[in-house]
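Novice: Sharing a structure with you now.
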Amino acid sequence: MKLREKKAAKKKEEILRSASKIISRRGYEGATMEDIAAELLMTKGALYYYFASKEELLYECHTLILSEASKKLEDIYEAETSSIEKMKRAITFHIEIAITEKETFNMIIKPGLTFSDEHISMILKQRDEYAGIFDKIIQQGMERGEFTVQEKKMARMIILGAMNWIQQWYSPKGDKNKDEIANAYADYLLKMLT
C-alpha cells in the first residue's frame, strides 16, 4: 500500500471512530454528517469525499466495530484455557461492547431499523459470524465435558439474548459498574452451561 493510500485509510478509520462516539452520544437520528465533520475539524464536503452518505458511514462504523469484536472473540476462543474461562471472557467482552458502543451495538441488533437492503445481507452475515464464535466455544466445552447443554444453538441464543437486553436497562448512574455487571452475567450464564 502506498503512503497516500495509508494516509487515506488512517483518516477513514479516524472518521469512523469519531462517528461511533457521536452516534453513541446522540443516537443514529441525532448524529449528523455536520456533527461528525465538526468533531474532526473538517468540512462536510471533505467528509463526503470519504463516504457518499450517512448510511454508508454508519455501515462502515458497524463493520469496523463488529470486525474488531469478532477478532477479539476469536482470540478468546483460540486462547489456551478452559472453555469455561473462554466463555466467561466472551461474556464480559460482549457486555463491555454492549455498554461502551451502545448506539452502534443497537444497529447490530436491529439492522433493519437503520440500513437499507443494500447493506442488510452483509450485516447479517457478520452478525452470524460473531454469534458463531460463541457456538464454537460452547461446542468445545461440550466436547471437553465442561458444558452439559444439549442444544448449542439454543444455549447461544439465550446467552446473547440475555446480554443484548442490557441495552434496555443499563445506566452508568446505576448502583453497579460495568465490570460488576459483566461478572454477574458471566457467573449466572455459566451456570446454565455447566
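Novice: Quick one: 3J(HN,Hα) in Hz for the range 143-153, Karplus 6.51/-1.76/1.60 with θ = phi - 60°, rounded, Gly and Pro as x.
Specialist: So the Karplus estimates, Gly and Pro as x, are 5, 7, x, 8, 10, 10, 5, 9, 10, 4, 5 Hz.
Novice: Same structure again: Where does helix 3-30 land angle-wise versus the long Cα axis of the chain, in degrees 0 to 90, nearest 10?
Specialist: With rounding to tens, the tilt is 70 degrees.
Novice: Helix 178-193 versus the longest principal axis of the chain: what is the Cα-based angle in degrees, 0 to 90, to the nearest 10?
Specialist: That helix lies at roughly 40 degrees to the long axis.
Novice: Describe numerically, in nm with one decimal, the distance between label points set 7 Å from Cα along Cα→Cβ at Met33 and at Ser121.
Specialist: Placing both labels 7 Å beyond Cα along the Cβ direction yields 2.6 nm.
Novice: Next question, about the same structure. Please give the length that would be gained between Glu14 and Ser82 if that part of the chain were fully extended, namely 0.36 nm times their separation in residues minus their C-alpha to C-alpha distance (nm, one decimal).
Specialist: Full extension from Glu14 to Ser82 adds 20.8 nm.
Novice: Hey, what do the phi angles of the range 169-174 turn into as Karplus ³J(HN,Hα) couplings, whole Hz, using 6.51/-1.76/1.60 and θ = phi - 60°, x for Gly and Pro?
Specialist: 10, 5, 9, x, 8, x
Novice: In nanometres, what is the gap between the two model label sites at Asp179 and Glu96, each 7 Å from Cα along Cα-to-Cβ?
Specialist: 1.1
Novice: Here is a follow-up. Using θ = phi - 60° and the Karplus form 6.51 cos²θ - 1.76 cosθ + 1.60, what ³J(HN,Hα) does each residue of the range 116-123 get, whole Hz, x for Gly and Pro?
Specialist: Per-residue couplings from phi come out as 7, 4, 4, 9, 4, 4, 5, 4 Hz.
Novice: Determine which residues of the range 119-139 fall in the zone a paramagnetic label at Thr63 would reach in this model, i.e. backbone nitrogen under 19 Å from the point 7 Å along Cα→Cβ.
Specialist: Correct set: 119-131.
Novice: With contacts defined as alpha carbon pairs under 8 Å and 6 or more residues apart, what's the relative contact order of the chain in percent?
Specialist: Relative contact order for the chain comes out at 24 percent.
Novice: So, one more: How many percent of Cα pairs in the chain exceed 25 Å?
Specialist: More than 25 Å apart: 43 percent of the Cα pairs in the chain.
Novice: In addition: Taking just the C-alpha trace of the range 1-51, give me its Rg and Dmax in Å.
Specialist: Every Cα atom of the range 1-51 included, Rg and Dmax give 11.5, 36 Å.
Only the coordinates and a few stated rules stand behind these numbers; no lab work does. Treat the numbers as computed from the prediction; the structure is a model and nothing was measured. Positions of Cβ are generated from backbone atoms using ideal geometry, with glycine treated the same way; all protein chains shown enter the neighbour counts.
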